[in-house]
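Take a look at the structure below.
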Amino acid sequence: MDISMTHQGEDNYILAIESSCDETAASVVRNGREVLSNVIASQIALHTLYGGVVPEIASRCHIEKINQVIWQALSEAGVALQDITAIAVTYGPGLVGALLVGVSAAKAISFARGIPLVGVHHISGHISANYIEHPDLEPPFVCMVASGGHSHLVVVEDYGVYRLIGRTRDDAAGEAFDKVARAIGLGYPGGPKIDKLAREGNPDAILFPRAKVAENEYDFSFSGLKSAVLNYLNSCEMKGEAVCQADVAASFQRAVIDVCVEHSMAAVREFGYDRFAIAGGVASNSALRAAFEGACAGQGVKFYRPSPIYCTDNAAMIGVAGYYEYLRGVRHGYDLNAVPNLSL
């Protein structure tokens with residue numbers, strides 16, 4: 001798709017809604033690349049009490065916040081509902097109750113205003129976050145998506161057209177971060193806390209495994225790494241040895257990063273692209289970003305990454321993905337439903 005299409009004719013305003021997990025978010029995006037507003041109501045403080053996301057609590061909070069964030073997004077963008085060209089909403093994957101809140105709100109607005117409804121895949125949104133701040137980025141390219149629920153290696157063949165070449169066989173990278181953080185006493189959310197603590201530790205202090213999946217060199221497996229960390233902690237406890245939390249965090253993080261970088265750079269070499277991007281919540285990890293920057297520079301590949309605010313769940317990325325789906329003619333009916341296990 002020619003990016004010049006985005007600047008032809010009248011402006012297109014996409015109102016986007018994201019409610020797949022524990023952020024209630026709404027955004028207005030103009031012509032696919034310009035974010036006019038990006039409102040996020042986070043539930044982290046609530047779920048921290050339980051050490052992770054509680055689906056029922058998440059759903060109830062979305063119901064309480066959804067109308068507020070939508071009106072705030074419109075207000076901050078300086079537009080009214082009658083200015084909106086289409087409404088985009090995440091319909092999967094994610095927590096089914098949480099997704100239903102956003103989908104229901106989007107369908108109601110679409111029906112009331114008579115504007116097109118565009119369902120968006122959550123992972124497509126994460127990948128599309130890279131378009132917001134990088135006007136030169138166009139498909140094709142390779143993208144690594146690393147989040148709490150997903151570890152995907154994707155060839156982006158065109159806007160909204162993906163070839164999944166690698167995925168996790170068990171724990172996603174972000175899930176492993178959360179579980180290891182809980183094990184060493186950091187609490188939830190684990191990713192940012194491990195990132196911060198790891199800066200004080202020695203990444204070479206403990207040799208944790210780097211798993212390879214025999215059937216597919218691009219697939220990921222982090223459950224063995226998580227188990228190795230737990231075994232190390234248990235062993236230290238039984239022996240009465242002190243545990244350096246910072247060294248555990250740094251060594252674990254290095255193991256995750258090594259696997260992500262190795263797989264991604266192998267894909268870049270095989271498919272011959274000179275552009276590589278990262279996306280998803282784990283993509284905000286400072287050590288991961290630095291490692292990919294160095295690896296891409298070493299291979300002469302241009303490296304793209306969203307700002308941290310666009311790495312974690314947000315509606316701006318859904319608006320961008322929704323815009324390109326809208327241009328492709330994608331329209332959904334009022335039978336659109338939440339699909340918690342939606343495949344890419």
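Every read-out reported here was derived from the displayed coordinates using simple, explicitly stated rules and does not represent laboratory data. Remember, it's a predicted structure, so these values are computed and weren't measured experimentally. Glycine gets a Cβ as well: all are built from the backbone with ideal geometry, and neighbour counts include every protein chain shown.
Worth a mention:
- For region 318-342, the residues whose amide N sits under 16 Å from a probe point set 7 Å from the Cα of Asp158 along the beta carbon direction are 323-331.
- Cα-based equivalent ellipsoid, region 197-286: semi-axes from gyration tensor eigenvalues, Å: 29, 16, 9
- Value of Rg to Rh for region 167-226 (Rh from inverse mean 1/r over Cα pairs, i.e. Kirkwood): 1.01
- Taking the helices alone, the chain has a mean residue ellipticity at 222 nm of -14000 deg cm²/dmol, built from -39,500 (n - 2.57) per DSSP H run of at least 4 residues and averaged over all its residues.
- Of the chymotrypsin sites (Phe, Trp or Tyr not before Pro) found in region 227-298, none is in coil by DSSP with at most 11 other Cβ atoms within 10 Å of its Cβ.
- Inter-site label distance for Gln82 and Arg331 at 7 Å from Cα along Cβ, in nm: 2.2
- Lys/Arg +1, Asp/Glu -1 at C-beta; the chain dipole; positive extreme among Tyr159, Ala183, Val213: Ala183
- Cα shape, region 233-344, gyration tensor, a/c 1.5 rule: oblate
- 29 Å Cα-Cα threshold exceeded, pairs from Lys107/Lys193; Lys65/Lys226; Lys107/Lys302; Lys226/Lys302; Lys107/Lys226; Lys212/Lys302: Lys107/Lys193; Lys65/Lys226; Lys107/Lys302; Lys226/Lys302; Lys107/Lys226
- Paramagnetic reach from Glu215 in region 245-278 [backbone N under 17 Å; point 7 Å along Cα→Cβ]: none
- Computed on the Cα trace of region 197-249, the radius of gyration divided by the Kirkwood hydrodynamic radius gives Rg/Rh = 1.06.
- The alpha carbons of region 79-158 occupy a box of 39, 31, 19 Å along the principal axes, longest dimension given first.
- Student exercise, region 211-337 dipole from Lys, Arg, Asp, Glu Cβ charges, in Debye to nearest 20: 320
- Normalised by the number of residues in region 228-344, the average gap of Cα pairs under 8 Å and 6 or more apart makes the relative contact order 20 percent.
- Per-residue packing, averaged as other Cβ atoms within 10 Å, sorts the ranges 12-23, 46-57, 63-74 into the order 12-23, 63-74, 46-57, beginning with the highest.
- About its Cα centre, the dipole of the chain is roughly 320 debye, where the only charges are +1 on Lys and Arg Cβ and -1 on Asp and Glu Cβ.
- Computed over region 139-268, relative contact order equals 26 percent, with contacts defined as Cα pairs under 8 Å that lie 6+ residues apart.
- Radius of gyration, Dmax [the chain; alpha carbons; angstrom]: 20.3, 71
- Relative contact order [Cα under 8 Å, 6+ residues apart], the chain, whole percent: 24
- Acute angle (nearest 10 degrees) that the helix 96-113 long axis makes with the longest principal axis of the chain, alpha-carbon atoms: 20
- Sequentially through region 39-52, phi angles give Karplus couplings (6.51, -1.76, 1.60; θ = phi - 60°) of 9, 10, 9, 8, 10, 3, 4, 5, 6, 4, 4, 10, x, x Hz, Gly and Pro residues having no value and appearing as x.
- Computed over region 97-142, the range of Cα coordinates on each principal axis works out to 37, 25, 16 Å, biggest value leading.
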